[in-house]
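**Student:** Dropping the structure in here first, questions after.
Just so it is clear, none of the values below were taken in a lab; they were calculated from the coordinates. Small disclaimer: the values here were computed from a predicted structure and weren't measured. Glycine gets a Cβ as well: all are built from the backbone with ideal geometry, and neighbour counts include every protein chain shown.
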Amino acid sequence: MKSPVSFRRLRALCRKETWQILRDPSSNLIAFVLPVVMMFIFGYGINLDSTSVHIGLVLEDTSPEARRFADNLYGSAYFVVHAAETQAEVEQALIEGRIRGFVVVPADFAEKLKQPAGTAPLLAITDGTEPNTANFVQNYVTGAWSGWLRQRAGERGETPPAAISIEPRFWFNPSADSRNYLIPGSITIIMTVIGSLLTALVVAREWERGTMEALLSTPVTRTELLLSKLLPYYLLGIVSLFLCVGVAALMMHVPFRGSLLILWAIGSLFLASSLGLGLLLSTVLRNQFAAAQAALNAAFLPAMMLSGFLFEIRSMPAVIQAATYLIPARYFVNAMQTLFQAGNVAPVLLDSGLFLVFAGSFFIGLTALKTHRRLE
């Protein structure tokens, strides 16, 4: 039986495609420049950590106790405190967006502390237009108040107010830095864009330039044609992947705890799906502009919104959660975050790898069905 692949012809086609890549500046920009630019945008432009939040402080009580509590807020690394004389001033600053919240120490603050319960009311107002920041301000004001009460009790030789003792420990991300969580996910988004864009142009370019007719007039088989369009761009994609990981680990100091071999294996499976999607769109549309736009919409938007990179999947409606199981980026995000933060966790990586095998086979198989050795 005649083999569907002649390695001599395949080697010649891959050589021809490689020269095409070297002569085409857009492919090099997509493979080497765009990933680095996007890494810096995602790495430094997206940050879920709230630091140096501006808050207002109104001291209606000027007693030593009130001033000591105010000093505790001033000494916080998380707040930039703006003092004001009246509550109306900080309310106006909150309306104008100059602060994200304010704390009012009432006039009876010191008197209330002398009572047996030892509690004094504090008014904490936050800007609810940004819920994450509002929760941050509320939690840290509460923490500052509880910490100050414990410190005050210790200095006075009193029993600290009863409270639950919590010793926080952050597994996998001891610094609790959101960058360690976001950057592995951002690599998925970058590889989705890179992979789909690289192959979204190749077949459409052949049709637009009229060279596809010349290829179809040769003995080249459909399998050889598809492999020659995938293999060179797969190599570009793998180089881009390791370039992104290198930038993350060496320049952004995001710890990588997994195996590079497993990274290569999981990355290869994901590239099969993203390259296959781009090649499918290029084969069907036969127009470079249309294929590139379709690739961005079909690959980038679902990966950005439904992969769990930014938005927690479990908080989505049940129908949307079900739809995320069809998004290859969901599984690569999970694998990348595991490799970076936890290491080689076999059950997680195996589940992600199995779906990526299915996704890559689906897109490449569908492309093979849509590829015909005839003019239409």
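**Student:** What is the distance in Å between the Cα centres of segment 222-253 and segment 55-122?
**Tutor:** Comparing the Cα centres of segment 222-253 and segment 55-122, I get a distance of 54 Å.
**Student:** Given H placed 1.01 Å from N in the peptide plane, which residues other than close sequence neighbours of residue 82 have an amide H under 5 Å from its amide H?
**Tutor:** Those lying under 5 Å, H to H, from residue 82 are 55, 56, 57.
**Student:** Work out the count of Lys pairs in the chain where the Cα-Cα distance is under 24 Å, with the pair 8 or more places apart or on different chains.
**Tutor:** Close lysine pairs under the 24 Å cut-off: 5.
**Student:** Rank 350, 292, 327 by how far each Cα sits towards the positive end of the charge dipole of segment 284-376 (+1 on Lys, Arg Cβ; -1 on Asp, Glu Cβ) and give me just the farthest.
**Tutor:** 292
**Student:** Let me see the pair-distance distribution of the chain: every alpha carbon pair, 20 Å bin width, integer percents in order.
**Tutor:** The distribution over the chain is 24, 39, 24, 11, 2, given as percents.
**Student:** Related question: When 349, 310, 279 are ordered from fewest to most other Cβ atoms inside 10 Å of their Cβ, what list results?
**Tutor:** Fewest-to-most Cβ neighbours within 10 Å comes out as 310, 349, 279.
**Student:** At R0 = 51 Å, how high is the FRET efficiency between residue 318 and residue 62 if r is their beta carbon distance? Nearest 0.05 is fine.
**Tutor:** Efficiency, from the Cβ-Cβ distance: 0.40.
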